[in-house]
Amino acid sequence: MKVSGFTIVRNAIKYDYPIVEAIQSILPVCDEVVVAVGNSDDGTLELIKNIQSDKIKIVETVWDDSLRVGGAVLADETNKAFTAISDDSDWAFYIQGDEIIHEQFLPAIRETMLKYKNAPEVEGLLFNYTHFYGSYDYIGDSRQWYRKEIRIIKNDKFISSYKDAQGFRKNGRKLNVKPVDASIFHYGWVKPPAAQQAKQQSFHKLWHDDTWMKEHIPEVEEFDYSAIDSLAHFKGQHPQVMKERINRMNWCFSFDPTKRRLSFKQRFLGWIESSTGWRIGEYKNYKIV
């Protein structure tokens, strides 16, 4: 079995993306990792070149900043990286620049890939998600956080990144997938407040025009993490590749999980979900087979 990892990145230093840790987290189960490095304003290219692994394959790209609707440029760049993986790979492992795989999940991931390697009806593998917010001590536990997404796909060039690169489709239809007993640790909402605000101002430009930006993204120096509805304490262990970054944390954030700011409707829907596992109205960009 041959596995290719692939990812995209641009301005990782400027916006404090843990891209190095993301890549390192999937290296043990990959034979190669294709990194599409977009034109950046910082030392992102050098950062990726300095990763100590002969598995890294860098593809330099130029982002089409005119694709400013629905985050389409992210899918465009993801497809560039996917196209560049080896033709003889069986699986393609996609990781975004703020997503990390905990080492405890690697055996299950490899086992699941082996199990369905020769199963043509299985086109991808579905991961659970753990979303961190504000600091490394809190995780999102309300309905606003997506619970699952595809991160491993068969090396089938009829598959492509969908919309803003959250998931994948094949010839426009949802992929047939199997769940894998593993969780993506998403750290996109954990970074210094100044870097988070800068990311918001840059990131939303991939979806919205200047008028929307002026109305919805405040011109402030630091992001306000306090505007969140509900969080829970994280009681697990972080991936080893994140230890150094966590030790460098230089800002403070706290939240009282007993003081959740949820409407009656949100509380009721949350109760149904916690009681039955059913999230009413959940968007699913996949079909479990």
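What follows draws every value from the coordinates through simple rules; no lab data is involved. These numbers come from a predicted model, not from an experiment. Here the Cβ is made from the backbone with ideal geometry for all residues, glycine too, and neighbour counts use every protein chain on show.
Sparse packing (at most 12 other Cβ atoms within 10 Å of the Cβ) combined with a DSSP loop state is found for the following GluC sites (Glu not before Pro) in segment 92-174: Glu121. The relative contact order of the chain comes to 21 percent, based on Cα pairs under 8 Å that sit 6 or more residues apart. Of the DSSP beta bridges with both residues in the chain, give the percent that are antiparallel, rounding to the nearest 5. Taking every DSSP beta bridge with both residues in the chain, the antiparallel ones total about 45 percent. If r is the Cβ-Cβ distance from Lys115 to Glu215 and R0 is 45 Å, what FRET efficiency results, to the nearest 0.05? With R0 = 45 Å, the Cβ-Cβ based efficiency is 0.35. The Cβ shell under 14 Å around Pro239 holds other residues with a net charge of -3, Lys and Arg each +1, Asp and Glu each -1.
The chymotrypsin sites (Phe, Trp or Tyr not before Pro) of segment 111-154 that meet both conditions, a loop assignment by DSSP and at most 16 other Cβ atoms within 10 Å of the site Cβ, are Trp145.
Measuring nothing but alpha carbons in segment 83-214 and taking Rh as the Kirkwood radius, the Rg to Rh ratio lands at 1.01.
Pairs exceeding 19 Å between alpha-carbon atoms, taken from Lys199/Lys284; Lys55/Lys243; Lys157/Lys284; Lys117/Lys178: Lys199/Lys284; Lys55/Lys243; Lys157/Lys284.
Computed per residue of the chain from DSSP H runs no shorter than four, each worth -39500 (n - 2.57), the mean residue ellipticity at 222 nm is -7000 deg cm²/dmol. May I ask you to derive the FRET efficiency for Asp256 and Lys2 from their Cβ-Cβ distance with R0 = 35 Å, giving the value to the nearest 0.05? It comes out at approximately 0.10.
Relative contact order of segment 1-150, taken over Cα pairs closer than 8 Å and 6 or more residues apart, is 29 percent. With all pairs of separate Cα atoms included, the chain yields a Kirkwood hydrodynamic radius of 19.9 Å. Packing, as the average of other Cβ atoms within 10 Å across residues, places the peptides 14-27, 188-201, 227-240 in the order 14-27, 188-201, 227-240, highest first. When only Cα pairs below 8 angstrom with a gap of at least 6 residues are kept, segment 140-264 shows a relative contact order of 24 percent. Extents of segment 65-115, taken as max minus min of Cα coordinates on every principal axis and listed largest first, are 41, 26, 13 Å. For trypsin sites (Lys or Arg not before Pro), the sites in segment 94-163 that DSSP calls loop and that have at most 12 other Cβ atoms within 10 Å are Lys157.
Extension gain, Lys284 to Lys14, is 94.0 nm, computed as 0.36 nm per intervening residue step minus the present C-alpha separation. Label sites at Glu46 and Lys265, each approximated as a point 7 angstrom past Cα along Cα to Cβ, lie 5.1 nm apart.
Between Lys163 and Glu273, what is 0.36 nm times their sequence separation minus the Cα-Cα distance? Round to one decimal in nm.
On the way: separation 110, 0.36 × 110 = 39.60 nm, distance 2.72 nm.
Length difference between fully extended and current span is 36.9 nm.
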